[in-house]
Amino acid sequence: MARPLRVQFPGALYHITGRGNERKEIFRDERDRKEFLGILAQSLDTYGVLLHSFVLMTNHWHLLVQTPLGNLGEFMRHFNITYTSYYNRRYKRVGHLYQGRYKSFLVEVDSYLSRVSRYIHLNPVKVAGMKKKPLAEQLRYLRNYRWSSLRGYIGLAGRYDFVEHATVLAEYGGDTRHGRLRYGKQLSEDLTDGVGIKDLIVGQSILGSAGFVSWVQETFLKDKTDRERPDVGRIHKYLSQEKVLTVVGKETESSDVMRSTGTLRQIVMASLYKYGGLNNREIGELLGVDYTTVSQGRKRLREKTEKDQKVRSIVENIDRVMSRIKN
């Protein structure tokens, strides 16, 4: 069977799965899961990727990611290699951890973002031992499952700061108590009604409306054969410095971000790194500071977003706006 073609473009949304080689476990204990999530968070930051939902099972995982820079391949290569290296080193093993390449399909944001998110969050009760349990017990199990982004979506303690919740929750009234209650209610209904997606995927690679499928095929796959090949249709463009600074200025209500200080300057540094494609030294030259100051500033911003809801909201708003812009 031909490998599904992997289309990449700025703002593309993907459902991605990775499964252990020979269906063997890829997480043996809590330490492995924490290490995996730490590597995931670092990779998201390095490659400017947004994570909407995730779940970790014993021998596989699911991610729902969006790539403002159109760089899924680079992100996944770094992410998979880094975790595999950790796992092999810890357990003194060699060779492949995963069963072939990761699997992914393109998702239409407007039509299927929420549906795929809920599909991912339901995975813990799709295993053999849970399928026949009473619905109330399944729901309780989901709410208590630690290795998923669901708890952050339904207002429970343990929200992961590297997950972008607001985009999905916008469909339910926003990242508010009301929106989170509505998401939880819909998930409860899904336990009864189901939320399948596999039968809706076109050509093993696209989940979307007829118009979206047609656009992808015409834009990226026209005149392509079905033979196995590497990624096609890839567009990888960083935004100009001017556009990055304009967005930051608008979202922070600042008229001169180049002369900013404190948290705002850290946001400028992080945005130029993620969306302008500049390295720490280039950002330092632009802002008139040493490259180590840039590195430290970006690190401090990450720490602030974990603790300060206002800062986190500003950063998430900037991420959403950047993901929709094309040069």
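Here are some notes:
- Hey, Glu218 out of contact with any His (no Cβ under 9 Å at 6 or more places or on another chain), exposed (fewer than 15 other Cβ atoms within 10 Å of the Cβ), outside any loop (DSSP other than H, G, I, E, B) and among the charged types (D, E, K, R) or not: yes
- Residue in the range 129-146 that is outside any helix (DSSP H, G or I), within 24 Å of the chain's Cα centre (by Cα) and surrounded by 14 or more Cβ atoms within 10 Å (Cβ to Cβ) present: yes
- Any chance Thr261 is closer than 20 Å to Pro68 by Cβ and of a type in the set (Ser, Thr, Tyr): no
- Where a residue in the range 134-149 is under 14 Å from Ile120 (Cα atoms) and its partner, wherever it lies, is basic (Lys, Arg), with Cβ under 6 Å and at least six apart: Trp147/Arg33
- Of the helices (runs of 4 or more DSSP H) lying entirely inside the range 255-322, those carrying at least 2 residues that are basic (Lys, Arg) are 262-275, 291-307.
- Residue match in the range 44-52 (condition: on the phi > 0 side of the Ramachandran plot, surrounded by 17 or more Cβ atoms within 10 Å (Cβ to Cβ) and assigned to a loop (DSSP other than H, G, I, E, B)): yes
- Check on Val168, in a loop (DSSP other than H, G, I, E, B) and either β-branched (Val, Ile, Thr) or outside the structural domain of Leu51 (by TED's automatic domain parsing) (or both): no
- Residue that is surrounded by the fewest Cβ atoms within 10 Å (Cβ to Cβ) [pool: residues in the range 265-287 that are of a type in the set (A, V, I, L, M, F, W, C) and either over 19 Å from the mean Cα position of the chain (by Cα) or not assigned by TED's automatic domain parsing to the domain that holds Lys299 (or both)]: Leu286
The values are calculated or read from the model by the stated rules, or taken from the named source; none is laboratory data. Owing to the predicted nature of the structure, the values given are computational and were not obtained by experimental measurement. Ideal geometry is used to build each Cβ from the backbone, glycine not excepted, and the neighbour counts take in all protein chains shown.
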